[in-house]
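Peer 1: Starting off with a structure, shown below.
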Amino acid sequence: MRILKIAYLNITFYFLTVTFLLTCLPALGSLIIIFALIFPKRIVMKRLRRAISWFGAVVIKIFPWPLVRLSYKDFSESNIPGPYLFICNHRSASDPFLLGILPYEVVQVVNIWPFRLPILGVVAKIAGYLNVRELPFETFFIKTTKLFKEGVSIAVFPEGTRSRDNSVGQFHSAIFRVALESRIPIVPLCITGNENIPPVGSPYLRPGLIKIHRLKAITWDKYRSFSPFKLKNYLREIIIKETALMDQRNV
């Protein structure tokens, strides 16, 4: 029975995803061209990034349901205005799609592999997603601070690569240096349950419950005296504690 469920999940998921890509992307491309002729670049980029978020939300919430379910809990304080720096742990190749649940204009800082995906990699480049491996820090700093000034939130997986044992790896410091300069609210975003959706080294999804917890924002006044090293370890400890609790709970 489990084998049949896995087969059904993967056949329906990939069929719907490919169909969605082939039908929606040409329409999206046409709209972007029309928008680019009428509206300023800033508005075009905003619409494109929101469209990417909607795509991620559809792919992760609708196509694999009910064998893959998503639970999102928001523990944030609504009185802290954005834009935000979202710091996320990294367990699965599906993590970037999960960020579609965030109701903001978001640019992701990613490793090299997402840019190598057919079609999606090209769209990510056009949308201004940042390849942390190929950018010198000075260029990375200029691009991220410009995005914050435009009101764009940034999401980062500071481990760099996905965990292979559900632990939270060491964080890289670059984005925390940016945070200290930009004085931006930092939001821990904790993800569990998708470590086998798909497993390491496999394209095949497994049934499961994905949990996302958005924690309270850490504002500038709380971390202004931190060094980048202290700040990254402070965020890492918060995420370690929360993901451990999430792993223990069934819901």
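Peer 1: When ligands, DNA and RNA are left out and all protein chains stay put, how many square angstrom of accessible area per residue does the chain have with a 1.4 Å probe?
Peer 2: I get 52 Å² per residue for the chain.
Peer 1: Would you work out the charge dipole size for segment 3-134 about its Cα centre, treating the Cβ of every Lys and Arg as +1 and the Cβ of every Asp and Glu as -1, and quote it to the nearest 20 debye?
Peer 2: 140 debye
Peer 1: Give the Rg/Rh ratio for segment 1-104, taking Rg as the radius of gyration of the Cα atoms and Rh as the Kirkwood radius, to two decimals.
Peer 2: On the Cα set of segment 1-104, Rg over Rh gives 1.04.
Peer 1: A further question on this structure: For S71, list long-range residues whose amide hydrogen, built 1.01 Å from N in the peptide plane, is under 5 Å from its own amide hydrogen.
Peer 2: Answer set, sorted by chain and number: I210, K211, I212.
Peer 1: Note down the relative contact order for the chain as a percent, whole number, built from C-alpha pairs under 8 angstrom at least six residues apart.
Peer 2: 25 percent
Peer 1: One quarter of the convex hull surface, Cα atoms only: what value does that give for segment 108-251 in nm²?
Peer 2: Convex hull of Cα atoms, orientation-averaged projection: 9.5 nm².
Peer 1: Only helices at least 27 Å long along their own axis, judged from Cα atoms, and with Kyte-Doolittle mean hydropathy of 0.0 or greater: name those in the chain from DSSP H.
Peer 2: 2-38, 41-61
Peer 1: Check E105: other-chain or 5+ apart residues with amide H under 5 Å from its amide H, H built from backbone geometry?
Peer 2: For E105, whose amide H was placed from the backbone, the distant partners under 5 Å are S153.
Peer 1: Tell me whether the chain comes out rounded, prolate or oblate; compute the Cα gyration tensor, take square roots of the eigenvalues as a ≥ b ≥ c, and use a/c under 1.5 as the rounded threshold.
Peer 2: Cα axes put the chain in the oblate bin.
Peer 1: Scan around N89 for amide H atoms under 5 Å from its own, H built in the peptide plane at 1.01 Å from N, and keep only partners 5 or more places away or cross-chain.
Peer 2: Long-range HN contacts for N89: L189, I191.
Peer 1: Do the alpha carbons of any pairs in K46/K230; K73/K222; K146/K211 sit beyond 28 Å of each other, and which pairs?
Peer 2: Where the Cα-Cα span goes over 28 Å, the pairs concerned are K46/K230; K146/K211.
Peer 1: HN-Hα J couplings of segment 84-101 from phi, Karplus 6.51/-1.76/1.60, θ = phi - 60°, integer Hz, Gly and Pro as x?
Peer 2: Result, ordered by residue: 10, 10, 8, 9, 10, 7, 10, 10, 8, 5, 7, 3, x, 5, 5, 5, x, 6 Hz.
Peer 1: How much of the DSSP beta bridge set in the chain is antiparallel, as a percent to the nearest 5?
Peer 2: In the chain, approximately 20 percent of DSSP beta bridges are antiparallel ones.
Peer 1: Another question, if that's okay. Given N89, S167, G29, which one lies farthest toward the positive end of the charge dipole of the chain, if we put +1 on the Cβ of every Lys and Arg and -1 on the Cβ of every Asp and Glu?
Peer 2: Result: G29.
Peer 1: Contact order normalised by length for segment 1-105, with contacts defined as Cα pairs under 8 Å and 6 or more residues apart; what percent is it?
Peer 2: Normalised by residue count, the contact order of segment 1-105 is 38 percent.
Peer 1: Here's something else I'd like to know. Explain nothing, just the number: dipole magnitude of the chain about its Cα centre with +1 on each Lys and Arg Cβ and -1 on each Asp and Glu Cβ, in debye rounded to the nearest 20.
Peer 2: Computed charge dipole of the chain: roughly 140 debye.
Peer 1: May I ask you to give the percent of accessible area on segment 119-172 that is carbon plus sulfur, with a probe radius of 1.4 Å?
Peer 2: So the carbon and sulfur contribution to the accessible surface is 57 percent.
The values are calculated or read from the model by the stated rules, or taken from the named source; none is laboratory data. Just so we're clear, the structure is a prediction, and the values are computed from it rather than from any experiment. Cβ atoms come from the backbone with ideal geometry, glycine included; neighbour counts cover every protein chain shown. All accessible areas refer to the heavy atoms of the entire protein, side chains included, with ligands and DNA or RNA removed. Shrake-Rupley method; radii C 1.70, N 1.55, O 1.52, S 1.80 Å.
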